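**Q** Before I ask anything, let me first share the structure, which is written out below as structure tokens.
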Amino acid sequence: MRQLARLASASTLRARLTRPALALLLGALVAAPPVGCKRKDQPPPEAPIDDDVPPETEALEALAPPWRPPERLVLANDAHVHWLTEDGALALHVRLILPTHHLRAAPGAAAVAAEALALELRRLLQRSDIEVEVSARVDRLEVALHGRDSEQGAAFSGLARALALAEPRALLERARELVAANLPPLTPESFALSALVSGLTGVPAAAERLDAEALRALTPAALGAAWQALLDPSRVLIVVHSGRPSDAPALARLISAWRSRDADQSALDRLASALRRDPEPGEQGALARIRPKDMSVGPAPPDHLLRGPKAAPLRVLQAAPDKAGGALYFARIIPTPDAQQRGLARLAQRLLQEDLDARLTIVGDRALFVVRLPLQRGQGKATPEAEEAAGEPPEATSPAPEAIADPRIRRLVRALDTYLELVRERPNRQRLAQAAELWLGARMVQASITGEDWTALWSDALDLSVRDSQLTGALARDARAMLSQSPEQLQAWCQRWLDFERGAPGWAWVAVGGDPDLSAALRAIARVEALDPG
Amino acid sequence: MTEPPAPPSDPASSAQLSRDQALDLLLPCGLRLRIARDATLPVAAVILAIESGAEDDPPELPGLVHALAFHALQGNYVLRPGEGVETVHGGGGVATMAVGLGQIRYESVLPVSRLAEVLTIESMRLRASRTTASAWKTSLAWATSDPPRASLLRPEALAAVHRQPALAHNDRAVTDPLRALNEGAVASLMRAKLDYARATLVVVAPTPPQEVLALIEPLFADLPPAPRRLPARPLAAASAPRLTPEIAEVGPQRAPLLAWPIPPAPAASLRAHAICRALARQRRVDPEDRRLKISCAIDPDPRRGAMLVQAVGVDDPVAAVALRLERLRGADAPLLNAQLAAAADDRRFERRTPLGLARQLAAAIEPDPAAAPATTLDALTATGELEASAAAFPGGLEIGEAVVLVRPAAPNKTRDPDARPAGGKPIPGAAP
């Protein structure tokens, strides 16, 4: 088979679903008829109202999954469960969402604990066809089980046994070795990028980096504490995609085995098999436990642009000389309080991505926007071809590229000017629609090819929501917002948030490269500060 | 094999199709249409499967069908070159092409918002293609850069297993006779080998099948009526019933490889998979040699597949395999039945995504005109009545139906009857 190519890169109806916030004893659930979880003689449930959930047809038209609001369960051990039912689905996906923001003090320990959990699950489930996968997202790790719905019992039994482990030292040691062995080397570029992001978010740069040496320095006690903290049910959200409604006996086994790390054991024993539907009013929802409470904009200077009198200092990391030329990164945090703003941010990034390396990470009501421009090596070695590739000089801005003698910096200034031109131009409507369709379509096609796992899309929805009630409609809302933007709206938004010369302040930048004279050369365009490699 | 064109069924009559059903009908132009529904995500899979392959290469033009498959990407009086791929990619989708021994497939996975566009493209793909010299040259360049077909068997071995000499050539070759074809010849060969009357269009989408049908029918309405024109691909039997397998000196492997041709039907391949699974799970019984290791793999071409079995660690691998097959007919029949059910479960699980289901529907066989049309996915993909699979692959448990592929004997060397037992590594991908 030949793969010709692959391009990759996901009428509103307000559904008010109400459910009782009842604590139901499992015994009653088990003894109940098969419809026990949905007893029709119960009063209609109340509580979380899902905002703006489109019906199936409209969700499909909006390139979003046609899921219904999930069953929201709170287990007696305080773990939250979002159970997505797709009638008749043959596959089972279970995703443990494990927040890591409370583990920043021991970088890498959370990754080791998650890997240990995956190792144990693989061992316990080796006789089944269930696959275990670990992935990392902003401020959380995810351990996912993928198998057949007919193996639901085995999956939850395996989960219960793995999560019941109190402090598996040998397992953590094995996981540590595995994680350390598979870590890519910490390059100067990744070091500089983590410093840049840290400056904007306030998260210590060390928490963003993983290296084998730091991992090996972790004490067994630190790993054990990370295991306990990462898998504390009061911090965890479990997302399930199944062909059947929630399975009370399976959840009961899970609760019995998996206790809150600091809970009153005797109280839990009494409640071992209890679960409730929906968080009670005022109770912390799933998003609240996933997002760090201190998620405020970090210490980025509020009035910094990248040019002019308010220009931020350019932090330069002098790396060891190598063949790679290095790079300049500039970044900012952008507020994305609603779907409109998120749609504009994503559209802008997709359009910029056609010409340069622009990255956007959205987490709820804020997004991190980063652009990488390559730095070519060697002063005065610009070839005519490279000059040509740099393109015609755009309209000169300060400082004029022609006034710069160093060809590396001249090219860099031209690239920055080109970026500004892209940001300031008015895109045509057709291009906007194409960019939106491409992004949304690729998200869904990717999900389809990789097994139609709704829990992975639910994880996307977590990043596109500010409140729990927004989760079900998040992808559809996001898609509609992207498809409804006008060129004028996007242009105005870009000029405000992405123009580092005339737009809103809040920018920072770093450069990294192996040329010994890099700092001196960059002084032609910015006030340079050394970035401490330690 | 020909069949008179059947009138398309009335969409209204097939209303209320369930998740486990599909539309299967023949358009007046000879195109078979299979439509099923998967509403998990807003994604559709479209496959245009053409019953042409390496087996249909004329002896004087090896590699012809492979090159023509690329040429169908060149567009025509309506489509720009590469427009089909661009349309899919523009929506964030994925487009691939597969050229097998008996089937070409153009596969697309796309957001459902692009479904109408892609269906239009598929309705144009096989019409009067561009046959300029430069377009043909480009097609040949693409064909040259295509990697070899992934197969467990060499062409000579394929020909021996299927008893089809037409398979004994390099089906990816781009030879001088191909380069010498003029525009008229290319156009004529395109019409002969890539034709809607030997094609099946499969669509799996979240849209109700009746609505998809309503989209498709007008797209083909202007094509003249034509009978179905499928190439005959009989499963050539051995010249006479045999108790021992034929031996073909075409294999590169040290240990003899036993190969059975799998008939081009989903039920047959299901049976082959079940036999493989059962062989891997059989326990050793006396007087079997403790060193005996049996491995099995499937060469998965949808029209010319093969079941490959290798026994290592014993003096007489053919006898060892024959004994195992005999047990599957007798004492181990429950094991085989259990593996048949497991293989059917695997197949159902594979079709949980639009692409997985579309591929299975593309591999389904032409229905018997005399029989009632199949409408359930289980019937189309042979996961329903498992007992019927035995009839679809009757030779699967017969040692005499196998062909033993052995390394050609070196000249001037006689075989030593006391030589060590045949060794060698198990065939790749052997464990089912």
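**Q** Can you say whether B:Pro256 is crowded, with 22+ Cβ neighbours inside 10 Å, under 22 Å from B:Ser151 (Cβ atoms), in contact with a helix residue (DSSP H, G or I) (Cβ under 7 Å, 6 or more places away or on another chain) and at pLDDT below 95, as far as the supplied structure shows?
**A** Details: crowded, with 22+ Cβ neighbours inside 10 Å: yes; under 22 Å from B:Ser151 (Cβ atoms): yes; in contact with a helix residue (DSSP H, G or I) (Cβ under 7 Å, 6 or more places away or on another chain): yes; at pLDDT below 95: yes.
Answer is yes for this residue.
**Q** For residues that are among the β-branched types (Val, Ile, Thr) and in contact with a Phe, Trp or Tyr (Cβ under 6 Å, 6 or more places away or on another chain), tally how many sit in the stretch A:170-219.
**A** Count: 0.
**Q** Would you pick out the residues in the stretch B:38-51 that are buried (at least 24 other Cβ atoms within 10 Å of the Cβ) and not β-branched (Val, Ile, Thr)?
**A** B:Leu41, B:Pro42, B:Ala44, B:Ala45, B:Leu48, B:Ala49, B:Glu51 - these are the residues of the stretch B:38-51 that are buried (at least 24 other Cβ atoms within 10 Å of the Cβ) and not β-branched (Val, Ile, Thr).
**Q** While we're here: Name the one entry in B:Leu158, B:Leu167, B:Leu152 that is out of contact with any Pro (no Cβ under 8 Å at 6 or more places or on another chain) and away from chain A (no Cβ under 14 Å).
**A** Answer to the check: B:Leu158.
**Q** Among (1) surrounded by fewer than 22 Cβ atoms within 10 Å (Cβ to Cβ); (2) more than 19 Å from B:Arg114 (Cα to Cα), there is one condition A:Trp509 misses while meeting the rest; what is its number?
**A** Condition (1) is where A:Trp509 drops out.
**Q** Could you look through the stretch B:71-86, keep only residues that are within 11 Å of another protein chain (Cβ to nearest Cβ) and not in a loop (DSSP other than H, G, I, E, B), and pick out the one that is surrounded by the most Cβ atoms within 10 Å (Cβ to Cβ)?
**A** Looking at residues that are within 11 Å of another protein chain (Cβ to nearest Cβ) and not in a loop (DSSP other than H, G, I, E, B), I get B:Gly84.
**Q** Mind checking which helices (runs of 4 or more DSSP H) fall wholly inside the stretch B:298-385 and carry at least 3 residues that are under 30 Å from B:Ala49 (Cα atoms)?
**A** Result: B:333-350, B:354-363, B:377-381.
**Q** Moving to a separate point now. Is it true that A:Ala479 is at pLDDT 95 or above, within 10 Å of another protein chain (Cβ to nearest Cβ) and under 19 Å from the mean Cα position of the chain (by Cα)?
**A** Values: at pLDDT 95 or above: no; within 10 Å of another protein chain (Cβ to nearest Cβ): yes; under 19 Å from the mean Cα position of the chain (by Cα): yes.
So A:Ala479 fails the test.
**Q** I'm trying to understand the selection: among the residues of the stretch B:87-123, which are closer than 17 Å to B:Thr200 by Cβ, touching a Gly at 6+ places or on another chain (Cβ under 6 Å) and part of a helix (DSSP H, G or I)?
**A** Selection gives B:Ile121 alone.
**Q** I'd like to verify a number: residues in the stretch B:37-70 that are assigned to a loop (DSSP other than H, G, I, E, B), more than 10 Å from chain A (Cβ to nearest Cβ) and in contact with a strand residue (DSSP E or B) (Cβ under 8 Å, 6 or more places away or on another chain), how many?
**A** Looking only at that region, the number is 3.
**Q** For A:Ala195, indicate whether it is buried (at least 17 other Cβ atoms within 10 Å of the Cβ) and closer than 24 Å to A:Val370 by Cβ.
**A** Answer is yes for this residue.
One line per residue, one yes/no per condition, for (1) modelled with pLDDT of 95 or more; (2) closer than 18 Å to A:Tyr419 by Cα:
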position: A:Trp493; (1), (2): yes, yes
position: A:Pro505; (1), (2): no, yes
position: A:Gly514; (1), (2): no, no
position: A:Ala521; (1), (2): no, no
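**Q** Note down all Cβ pairs under 7 Å where the first residue falls in the stretch B:55-66 and is closer than 12 Å to B:Pro165 by Cα, the second is buried (at least 21 other Cβ atoms within 10 Å of the Cβ) and hydrophobic (A, V, I, L, M, F, W, C), and they're at least six residues apart or on different chains.
**A** B:Glu55/B:Leu101; B:Glu55/B:Leu167; B:Asp56/B:Val65; B:Asp57/B:Leu64; B:Asp57/B:Val65; B:Pro58/B:Leu64
**Q** Something else: Could you tell me whether B:Arg290 is out of contact with any strand residue (DSSP E or B) (no Cβ under 6 Å at 6 or more places or on another chain) and more than 30 Å from B:Glu55 (Cβ to Cβ)?
**A** Yes.
**Q** Taking only the stretch A:251-291 into account, find how many residues are more than 16 Å from A:Ser469 (Cβ to Cβ), modelled with pLDDT of 80 or more and within 29 Å of the chain's Cα centre (by Cα). So that I can check it myself, show each step before the final result.
**A** Taking the stretch A:251-291 first, the residues more than 16 Å from A:Ser469 (Cβ to Cβ) are A:251-276.
Among the residues that remain, those that are also modelled with pLDDT of 80 or more are: A:251-258.
Those still in the list that are within 29 Å of the chain's Cα centre (by Cα) too: A:251, A:254-255, A:258.
Count: 4.
Residue-wise test of (1) within 25 Å of A:Asp453 (Cβ to Cβ); (2) within 11 Å of another protein chain (Cβ to nearest Cβ); (3) crowded, with 21+ Cβ neighbours inside 10 Å; (4) of a type in the set (D, E, K, R).
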{"residue": "B:Pro334", "(1), (2), (3), (4)": "no, no, no, no"}
{"residue": "B:Ala338", "(1), (2), (3), (4)": "no, no, no, no"}
{"residue": "B:Ala341", "(1), (2), (3), (4)": "no, no, no, no"}
{"residue": "B:Asp346", "(1), (2), (3), (4)": "yes, yes, no, yes"}
{"residue": "B:Thr353", "(1), (2), (3), (4)": "yes, yes, yes, no"}
{"residue": "B:Ala370", "(1), (2), (3), (4)": "no, no, no, no"}
{"residue": "B:Pro373", "(1), (2), (3), (4)": "no, no, no, no"}
{"residue": "B:Thr383", "(1), (2), (3), (4)": "yes, no, yes, no"}
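**Q** Please note which helices (runs of 4 or more DSSP H) are completely contained in the stretch A:380-461 and include at least 3 residues that are modelled with pLDDT of 95 or more, within 14 Å of another protein chain (Cβ to nearest Cβ) and closer than 25 Å to A:Val363 by Cα. Break it down stepwise before answering.
**A** On the way: elements: A:384-389, A:407-424, A:429-449.
Because the criterion is at least 3 residues that are modelled with pLDDT of 95 or more, within 14 Å of another protein chain (Cβ to nearest Cβ) and closer than 25 Å to A:Val363 by Cα, the helices (runs of 4 or more DSSP H) in the stretch A:380-461 that meet it are A:429-449.
**Q** If B:Ser139 satisfies every condition in (1) more than 11 Å from chain A (Cβ to nearest Cβ); (2) crowded, with 21+ Cβ neighbours inside 10 Å; (3) of a type outside the set (D, E, K, R); (4) out of contact with any His (no Cβ under 8 Å at 6 or more places or on another chain) but one, which is the exception?
**A** Every listed condition holds for B:Ser139 apart from (4).
**Q** Of all the strands (runs of 3 or more DSSP E) wholly in the stretch A:43-154, which have at least 3 residues that are more than 14 Å from every other protein chain (Cβ to nearest Cβ) and surrounded by fewer than 18 Cβ atoms within 10 Å (Cβ to Cβ)?
**A** A:131-137
**Q** Would you mind stating whether B:Asp301 is away from chain A (no Cβ under 14 Å) and of a type in the set (Asp, Glu)?
**A** Details: away from chain A (no Cβ under 14 Å): no; of a type in the set (Asp, Glu): yes.
No, not satisfied.
**Q** Now for a separate question. Could you check how many residues of the stretch B:100-110 are at pLDDT 95 or above and either within 9 Å of chain A (Cβ to nearest Cβ) or closer than 21 Å to B:Val43 by Cβ (or both)?
**A** Number satisfying all stated conditions: 6.
The values are calculated or read from the model by the stated rules, or taken from the named source; none is laboratory data. What you see is a predicted model; the values in this text were computed from it and never measured. Glycine gets a Cβ as well: all are built from the backbone with ideal geometry, and neighbour counts include every protein chain shown.
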